[in-house]
Amino acid sequence: MYFDELELNNSVLDALYDMRFEKCTPVQEKCIPEILNGNDVLGVAQTGTGKTAAYLLPILSKLDDGNYPEKAINCLIMSPTRELAQQIDQAMQGFGYYLNGVSSVAVYGGNDGNRYDQELKSLQLGADVVIATPGRLISHISLGNVDLSKVSFFILDEADRMLDMGFSDDILKIAKKLPQSCQTIMFSATMPDKIEELAKTLLKNPKVIKLAVSKPAEKIKQSAYVCYETQKMGIIKDIFKSDDLKRVIIFCGSKMKVKQVAGALQRKHINCGEMHSDLDQAMRDEVMFKFKSGQFDVLVATDIVARGIDIDDISMVINYDVPHDAEDYVHRIGRTARAAREGSAITFVSDDDIYYFQLIEKFLGKQVDKTPLPEGLGEGPEYKSAGKPKRGTSAKSRRRINREQTAHKDKKQQNRRQRNNVADSQSQNTEVAKDSHNNKERNSQRNRNQRGEKTYQPRCEKRNNEQRSNRPNEVRNATNSRNSEQQQHKKRRANVEGNYKKRNRPQTENRPNTTHKNTAHVQKMQAESGIKKFFKKIFRIK
């Protein structure tokens, strides 16, 4: 079906004509008429099928026709991530190019004070369309910056992703601020039970539209390498060397792995950028702009790029780590082969990820082709699962192990462990020797006691022991505690007196003792003093 066959506004059709959009996708063909008729819609379709245009086009057409409050928020669109919110805002500007009086603003976190002032002004003046992330919108609601009493359209884009990120309570809190007559539209790439429960709570007699739920596009060529962790970088080098590919996205399981892989690629003179949650909003925008404009050939990213990011000319997606959820795998490889194009998806399956990749193959209903490793990398592990891997160690230790494997530090760690083991064995040997010596002494003492031999004991100690043995236990304990207190008091007093004497000691005492060197000189002086006394006594000299 063509767009001009739908009952869209002429201004919207002009914008579509300039953007060279002529034919509708299946999800657009089924959703646009229902939204124009004012029905609540639950759309479930795979990624890359044009869900954004499926709800933006009819809403913009209805807003341009009029009969909606001025200087008020008429449409609220919820997005799970900042990048998707920016992309929806950009699509909004393109589709609404010829619309007069229809304004929009994207509200998301991570910006500076100027951006916050712009958001605040737009919300208070009443932008027609507000595209927001849940957390940022909740903060504006708590500060009293938003009036949602006149909203006519409430859209949840990537609803399953928002629930996975823990925004369920925030969405329900926002929905309570909306009027009862609000038309609610929900789009999701998957249909788990929690989405059905949320739909029953928010939607009123919705029209359910399902198209190829959670299945990747048929034009994606999928393959996998069964390898060890240390072989992955060699495979990437071989892929880039053989095909000279551009516009590639490499997905990693953690931001630490993203930094490591991006650094390794840059050392191999591969033009790449990195995208993860440690970057602030300005850096994220810069990285995405450089990748979209072709300044970066490769983008290494976490799953924040796996949903809703629309870049049509992605030629390849590489899963550096196997996602543990099959739906995440579908979203990752769905970045390629968009808009009826072709693409390829390659997954690196390590020995710990074989179990999860077999679950993905079961979900897809087919076996993914296994590509042999390049020459010079050795052999990979056998593609046989031993069950779900045990997660006995902490996440921090697992990340450290992966980091050491990626950085090829296994040999250093092994040498360090060997040195530590040698030191431990030596210390254990010394402890065993000490224990054996003590045991010998105790055994000899026991033997002497058994033979009746008497050991030497001073008379005073013997008398004290007899006196102690005759005392009651309570008196004995009291005397012991009193003696210990007296000993501690004497010790403290001695320390105080010693410190006082040290402080008040003359400087001459601090000098080194050199009397043994000058004994002859001292004796001479003593002799002279004796002679002087003798002459003074004889001659009566005073």
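Just so you know, all these numbers are worked out from the coordinates, no wet-lab data involved. Fair warning: this is a prediction, and the values are worked out from it, not measured in the lab. In this analysis, Cβ positions are derived from the backbone assuming ideal geometry, glycine residues included, and neighbour counts consider all displayed protein chains.
What the table below lists for this structure:
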{"item": "Cα-Cα over 26 Å, subset of K121/K177; K51/K204; K362/K384; K30/K362; K62/K177", "result": "K30/K362"}
{"item": "Whole-Hz ³J(HN,Hα) from phi, Karplus 6.51 cos²θ - 1.76 cosθ + 1.60, for the stretch 167-181, glycine and proline x", "result": "9, 4, 5, 5, 5, 5, 5, 5, 4, 5, 7, 8, x, 5, 7"}
{"item": "V208-D117 pseudo-label distance in nm [points 7 Å out on the Cα-to-Cβ vector]", "result": "5.0"}
{"item": "In nm, spacing of pseudo-spin labels at Y68 and Y98 (7 Å Cα→C-beta vector)", "result": "1.9"}
{"item": "By average C-beta atoms within 10 angstrom, highest first, the peptides 5-11, 270-276, 182-188", "result": "182-188, 270-276, 5-11"}
{"item": "Efficiency of FRET from Cβ geometry, E5 and K366, R₀ 30 Å, rounded to 0.05", "result": "0.25"}
{"item": "Local net charge near P33, Cβ-Cβ under 15 Å (Lys/Arg +1, Asp/Glu -1)", "result": "-3"}
